[in-house]
Amino acid sequence: MKSDFFKYQAQTTQFAAGFEVEKAEGSYIYGKDGRKYLDFVAGVSANTLGHSHPKIVEAIKTQAEKYLHVMVYGEYAQEMPVKLCQLLAEATPNPLEVTYLVNSGAEAIDGSLKLAKRYTGREEIVSFKNSYHGNTHGALSVSGNEYHKREFRPLLPMVTFIGFNDEKDLERITDKTACVIMETIQGAAGFLVPENDYLKKLKARCEEVGALLILDEIQPGFGRTGKLFAFEHYGIVPDILVMGKGMGGGVPVGAFMSSREIMETLSHSPKLGHITTFGGNPLIAASSYATLKEVLNSGLMNEVDEKEKLFRELLVHSKIKNINGRGLMLAVNLGSPEYTLNVAKRCMEKGLVVFWQLYRNEYLRISPPLTLSLAEIKEGCEIILQVLDEE
């Protein structure tokens, strides 16, 4: 299988591991080598409830026995997509009330940018240096790392980049700005969090000039920071909320959410302002609904602070420079990309899955399932510390 993987499946790097997966359950991935591996990455923040959570599996089975795809998005009323959107509306603050379901976080970013332009009638977009929003042309256009963009230009015009947490740059948001798009916690840059009431100041500036605020919660959403969405820590509500990754509990999904007034502008002049064949797929919606319901009702979000504290208490070592992030979204600074990649490789050899940050390879990613136990945290951190001692 490994040789066929490299022969037939397109690669995203020249150093893919090609690890052969047999099955995955709970906090562990089982390889065809007969070993099990504790997962501190959760499919890059996607497996919110761990692998093969029984409630998710049952929801998928139940829906699969009823029907799969029946009609292009937005035409037929189907039980699970409707229940998912209703539960999202009930679980989020006003004015968030209507959800557009799509297939991925990147598609949701593209849809949100179109929505902001359509509603405001403006063309300029403001994003952030070192931001990451996905790899479709629209999402790549508003991502802030030139190394990852330059080979694919030309991209969207009229995109301006400002500094994350830089209050002086807020002046660059003007009455020509359709929207400001921001990751509530900057992911690829090393899990950087807003400081000094920055989000409140950003929201106030957007309201002052009539620009919409889009918050990208593709990574921190669905309980990863101890709140359903990370913006709830910071005392503001975005005009448009983007979600994905952990929303589906391990299946491909994305969505953007706004007020009814804003969202309705996609339905006319022209009609079909955004269209997707498979968005709102009932099988995916069933999995997403089961995930959201469990996150809201299980008490897992109440455990996040304790688990973060334990990670920070255990991961103390002379080779750890600092730890960024919030909740179960942590980035461990090991000083250099080469060293961090080697540590990740050695951890895998010892039975622990860790990864690195896209732009800042010196940071080791820790984004485990919310279901990870305290004992499993201790088990994995012990492996990291062993590797740091040995390397």
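The values are calculated or read from the model by the stated rules, or taken from the named source; none is laboratory data. All values derive from a computational prediction rather than experimental measurement. Ideal geometry is used to build each Cβ from the backbone, glycine not excepted, and the neighbour counts take in all protein chains shown. Note: areas computed on protein heavy atoms with side chains; ligands, DNA, RNA excluded. Shrake-Rupley method; radii C 1.70, N 1.55, O 1.52, S 1.80 Å.
Considering every residue within region 175-183, establish whether at least one is over 16 Å from P238 (Cα atoms) and more than 17 Å from the chain's Cα centre (by Cα). Yes, the conditions are met somewhere in region 175-183.
Which ones in region 53-72 are touching a Leu at 6+ places or on another chain (Cβ under 7 Å) and either open to solvent by 30 Å² or more (accessible area, probe 1.4 Å) or at pLDDT below 95 (or both)?
Of the residues in region 53-72, the ones touching a Leu at 6+ places or on another chain (Cβ under 7 Å) are 56, 60, 63-64, 68.
Selection gives I60, A64, L68.
Filter region 118-165 down to the residues that are of a type in the set (K, R) and not in a loop (DSSP other than H, G, I, E, B), then identify the one that is farthest from L199 (Cα to Cα). First the steps, then the outcome.
Let us first name the residues in region 118-165 that are of a type in the set (K, R), namely 118, 122, 129, 149-150, 153.
So of that shortlist, the ones also not in a loop (DSSP other than H, G, I, E, B) come out as 118, 150.
Values: R118: 24, R150: 29 Å.
Among those residues, the one meeting the criterion is R150.
From the residues in region 24-41 that are free of Cβ contacts under 8 Å to residues at least 40 places away in the same chain and within 30 Å of E79 (Cβ to Cβ), which one is surrounded by the fewest Cβ atoms within 10 Å (Cβ to Cβ)? I'd like the intermediate steps shown before the answer.
Going residue by residue through region 24-41, those that are free of Cβ contacts under 8 Å to residues at least 40 places away in the same chain are 24-25, 28, 30-34.
Right, trim to within 30 Å of E79 (Cβ to Cβ) and you get 24-25.
On the way: A24: 19, E25: 13.
By that ranking, first place goes to E25.
Scanning region 42-88 for residues that are aliphatic (A, V, I, L, M), touching a residue at least 12 places away in the same chain (Cβ under 8 Å) and closer than 20 Å to L101 by Cα turns up A46, I56, A59, I60, A64, L68, V70, V72, M80, L84, L87, L88.
Hey, any hits in region 260-277 for a residue that's farther than 19 Å from L113 by Cα, of a type in the set (D, E, K, R) and open to solvent by 30 Å² or more (accessible area, probe 1.4 Å)? Within region 260-277 (the criterion being farther than 19 Å from L113 by Cα, of a type in the set (D, E, K, R) and open to solvent by 30 Å² or more (accessible area, probe 1.4 Å)), the answer is no, since none of the residues qualifies.
When G250, G190 are checked against the criterion of being among the small types (G, A, S), within 15 Å of the chain's Cα centre (by Cα) and open to solvent by 20 Å² or more (accessible area, probe 1.4 Å), G250 stands alone in meeting it.
For every residue, the table says whether it meets (1) surrounded by fewer than 19 Cβ atoms within 10 Å (Cβ to Cβ); (2) on the phi < 0 side of the Ramachandran plot; (3) free of Cβ contacts under 8 Å to residues at least 24 places away in the same chain.
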{"residue": "L314", "(1), (2), (3)": "yes, yes, no"}
{"residue": "V343", "(1), (2), (3)": "no, yes, no"}
{"residue": "E349", "(1), (2), (3)": "yes, yes, yes"}
{"residue": "L352", "(1), (2), (3)": "no, yes, no"}
{"residue": "L358", "(1), (2), (3)": "yes, yes, no"}
{"residue": "K378", "(1), (2), (3)": "yes, yes, no"}
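All of (1) without any contact (Cβ under 8 Å) to a residue 24 or more places away in the chain; (2) outside any loop (DSSP other than H, G, I, E, B) hold for F256 with one exception: (1).
For I236, indicate whether it is surrounded by fewer than 24 Cβ atoms within 10 Å (Cβ to Cβ) and aliphatic (A, V, I, L, M). Lay out the reasoning, then the answer.
Details: surrounded by fewer than 24 Cβ atoms within 10 Å (Cβ to Cβ): yes; aliphatic (A, V, I, L, M): yes.
For I236, the condition - surrounded by fewer than 24 Cβ atoms within 10 Å (Cβ to Cβ) and aliphatic (A, V, I, L, M) - is met.
Residues that are of a type in the set (D, E, K, R) number at least 1 in the following strands (runs of 3 or more DSSP E) confined to region 166-250: 177-183, 212-216.
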